[in-house]
1. For residues that are surrounded by 12 or more Cβ atoms within 10 Å (Cβ to Cβ) and of a type in the set (A, V, I, L, M), scanning just the stretch 29-51, find the one that is nearest to Asp92 (Cα to Cα).
2. Just wondering, is there one or more residues in the stretch 38-52 that are more than 25 Å from Glu115 (Cβ to Cβ) and touching a Ser or Thr at 6+ places or on another chain (Cβ under 6 Å)?
3. Of the conditions (1) small (Gly, Ala, Ser); (2) at pLDDT 95 or above; (3) touching a Gly at 6+ places or on another chain (Cβ under 8 Å); (4) surrounded by 14 or more Cβ atoms within 10 Å (Cβ to Cβ), Ala26 clears all except one; give me its number.
4. Go through the stretch 82-116 and give me each residue that's farther than 30 Å from Ile45 by Cβ and in contact with a helix residue (DSSP H, G or I) (Cβ under 7 Å, 6 or more places away or on another chain).
5. What residue, of Ser75, Ser69, is at pLDDT 95 or above and closer than 20 Å to Leu29 by Cβ?
6. In the stretch 139-152, what residues are over 13 Å from Val18 (Cα atoms) and either assigned to a strand (DSSP E or B) or open to solvent by less than 40 Å² (accessible area, probe 1.4 Å) (or both)?
7. If you check every pair at least six apart or on different chains, which have Cβ atoms under 7 Å apart with a residue in the stretch 64-83 that is within 13 Å of Pro132 (Cβ to Cβ) first and a residue that is open to solvent by 40 Å² or more (accessible area, probe 1.4 Å) and not in a loop (DSSP other than H, G, I, E, B) second?
8. With respect to Leu110, determine if the residue is open to solvent by less than 60 Å² (accessible area, probe 1.4 Å), in contact (Cβ under 8 Å) with a residue 40 or more places away in the chain, closer than 21 Å to Glu54 by Cα and of a type in the set (A, V, I, L, M, F, W, C).
Amino acid sequence: KIPEISFENSEFGSIGKVAAVDGGSATVLKTRSFLIGIYRAGFVIFQKGKRVEEKFLPLRMEVISLENSAEKYLSAYSELVGQVPNEVPEIDKILDRLRLFAEWGLVKELLQKLEKGDMILVDGSLRASIVPPYELLLKVTQEAKNENICLVGVTKTSTLYWGKKSPLIPMVVKTSEEFCPESKWFCR
């Protein structure tokens with residue numbers, strides 16, 4: 001039987017605070033030439049089982065049109081990443097991208113706020129793509145590593161593989177069922 005893991009005496013060091021970042025978005029009205037949507041993002045920080053801090057960005061309502069979609073996207077991307085993107089997505093995807101950019105902005109803020117041994121839970125698999133952009137993910141993961149802050153992707157789905165051929169999520173589930181069905185564990 002695999003022993004229960006205590007982070008207090010593990011190779012991860014002592015876990016102080018755990019922060020979680022997430023957001024949501026919804027389209028209110030969609031036509032051929034514009035859409036109206038809302039989004040919000042925020043974080044909570046827990047320490048010793050208690051909520052010690054929270055921050056929620058104000059609810060944002062966006063009117064995204066064929067005329068302003070590129071400007072909105074380029075502005076948000078440039079503010080977050082510090083450079084101009086290679087492409088602008090279709091109008092249907094911009095609202096979700098603005099939400100994701102807000103979430104990653106909060107991750108960057110938490111990296112400045114948290115300390116060695118703390119943990120940030122991020123919605124997503126921490127795999128570079130268009131969102132999050134490779135440049136941003138590289139910078140954020142390097143900063144987390146330098147500060148000894150554990151950055152954790154929380155996802156229900158993944159395109160990652162265990163070895164060369166086995167999808168990661170089913171293999172993690174299978175391993176869990178075989179080796180530690182009744183205990184806490186982790187997988188590198």
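The values are calculated or read from the model by the stated rules, or taken from the named source; none is laboratory data. For clarity, every value in this text was computed on a predicted model and none was experimentally measured. Please note: Cβ atoms are built from the backbone with ideal geometry, for glycine as well, and neighbour counts cover all protein chains shown. Accessible surface areas use protein heavy atoms only, side chains included; no ligands, DNA or RNA. Shrake-Rupley method; radii C 1.70, N 1.55, O 1.52, S 1.80 Å.
1. Filtering the stretch 29-51 down to residues surrounded by 12 or more Cβ atoms within 10 Å (Cβ to Cβ) leaves 30, 34-47.
Right, trim to of a type in the set (A, V, I, L, M) and you get 35-36, 38, 41, 44-45.
Working: Leu35: 8, Ile36: 10, Ile38: 13, Ala41: 19, Val44: 29, Ile45: 32 Å.
Applying the filter and picking the extreme gives Leu35.
2. Yes, the conditions are met somewhere in the stretch 38-52.
3. If we test Ala26 against (1) small (Gly, Ala, Ser); (2) at pLDDT 95 or above; (3) touching a Gly at 6+ places or on another chain (Cβ under 8 Å); (4) surrounded by 14 or more Cβ atoms within 10 Å (Cβ to Cβ), just (4) comes out false.
4. Listed by number, the residues that qualify are Val84, Pro85, Val88, Pro89, Ile91.
5. Working: Ser75 fails: closer than 20 Å to Leu29 by Cβ.
Among Ser75, Ser69, only Ser69 is at pLDDT 95 or above and closer than 20 Å to Leu29 by Cβ.
6. Correct list: Val140, Ala144.
7. Qualifying pairs under 7 Å: Val81/Glu135.
8. Numbers: open to solvent by less than 60 Å² (accessible area, probe 1.4 Å): yes; in contact (Cβ under 8 Å) with a residue 40 or more places away in the chain: yes; closer than 21 Å to Glu54 by Cα: yes; of a type in the set (A, V, I, L, M, F, W, C): yes.
Taking the combined requirement at face value, the residue satisfies it.
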